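The values are calculated or read from the model by the stated rules, or taken from the named source; none is laboratory data. Since we're looking at a predicted model, the values are computed, not measured. Cβ placement follows ideal geometry from the backbone for every residue including glycine, while neighbour counts extend to all protein chains displayed. What goes into the accessible areas is simple: the full protein's heavy atoms, side chains included, and nothing from ligands, DNA or RNA. Shrake-Rupley method; radii C 1.70, N 1.55, O 1.52, S 1.80 Å.
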Amino acid sequence: MAAVPGGRRSGPAAGARFFCTAGRGLEPFLMREVRSRLAATQVEYISGKVFFTTCSDLNMLKKLKSAERLFLLIKKQLPFNVSSVSKGKILNEMQRLTNDDPESWLNAISIWKNLLELDAKKVKLSQKNANPLKRKVGENDIIAKKLKTEQMQEIQENKECQLEKQIEEETLEQGNFTTKRDKSQEELQNDVVEAVGTHNQNDLTFRVSCRCSGAIARTFTAQEVGRVIGIALTKQFGWKADLRNPNLEIFIHLSDIYSVVGIPVFRVPLASRAYIKTAGLRSTIAWAMASLAEIKAGAVVLDPMCGLGTILLEAAKEWPDVYYVGADVSDSQLLGACDNLKAAGLKDKIELLKVSVIEFIGNL
C-alpha cells in the first residue's frame, strides 16, 4: 500500500496515509478523534493500530490525544508465511518490501520532507513575528547570570580546553556517529530537510527499528529482520546506516496478521505529555476516560479519587472553560497532583481537596 492513495501525488495537500499505534481498547477512541480533529478519511483499524488519510499538517497531528505514536505509512500488506517456506525464501520476500515498489518509499520520503519543511517555515515565521518586547522580560537576570558565567569560565578555562581536546579526538575516531550529538532539535530538522532534498538522497542516514510477534518472531529475531531490510535499503536507494543519530527512522512490525512499514513522524511519542511532571495513569487512557464524560463548557467536574490528577489535566487541556475539582485522601498523591498542576500551568483551573470518598458517601 502506497503512502499516498490515488497515484503519484506527493504533497500533504493531496492527503497522506498515516497510522497510529494505540493501547488495546483505545482504537475506537482514536478512530473518532482522527475523524473529528483531522477530518480523516479511509479510517480503519487492526488490533493496536489505526490507519487513516488526512491533509493535516504537523501542528494538527500533534494534537492527537489517544494515540501512542504516529507514523507515515509506507506499506501495509499480508503477513509472511513462515510455516512451510524456507528461511532463505522468507528473507528474500522481506527484501521485496523495498525492491518491488520503490515508488511507495520515494513518495513517503517526499511527503515526510514536505511536512518537515512546512513545519520549519511556520516555526521561523512565528519567531520572526514575535513581539520583541517579550524577549526583554528578565533581561537583567540574564545579564547577571552571564557575568557570573564568565567569571566561572575564567576559573575553569584549563579544564574546558582539555575537555574540548578530548571531544575532538573522540569525534575523529567515531566519525559521523558523534558529529551531530550536540545539535539542537531545530538544527537536526534542518539537516533532515537538506539531506532528503538532495537529488540522489545519498546524504540521507537511516536506521531500522523492527518488531516481530507471533510465528515470525519464533523464526527470526528483530535484529535479523532489521539487518536484511537495512541492507536492501542501502542497495536500493544509496542511504547510509547510522544507528545512533540518523535523519530517518524506518519502523517495521511483522506479525501473524499483517506486515506494516512506516516512518515515525515525531521523535517523541504523542503519549509523552510535556505538561505532566509526574506520570500516573497513562495519558491516553486518562484522555479517553475524560472524553467519556462528555464535558461541556460551564460544567463542574469532580474526580473523587484523582491521584496525581492525570484525568483532570487531560480534561482541563481539552475543555478549559470548566470548573474542575480533584479529591484524594493521600497526601503524597495530592502533592504530586499539585506539582503536575504547576508544571502544566493549571493551578488556577483545578482545585484540590483532601477528602475521603468513603467517609463522604457514608455521611450522605
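Things worth noting here:
- Kirkwood-Stokes translational diffusion coefficient of the range 213-364, alpha-carbon pairs, 10 °C, 1.306 mPa s, µm²/s: 83
- With the simple model of a label 7 Å out from the Cα in the direction of the Cβ, K240 to S84 spans 4.7 nm.
- Anisotropy class of the range 234-281 from Cα gyration tensor, a/c 1.5 cut: oblate
- Accessible area of the range 258-331 belonging to carbon and sulfur atoms, whole % at 1.4 Å probe: 61
- Net charge in the neighbourhood of L26 (other residues with Cβ under 14 Å of its Cβ; Lys, Arg +1, Asp, Glu -1) is +2.
- Cα-Cα over 19 Å, subset of K296/K349; K49/K121; K49/K296: K49/K121; K49/K296
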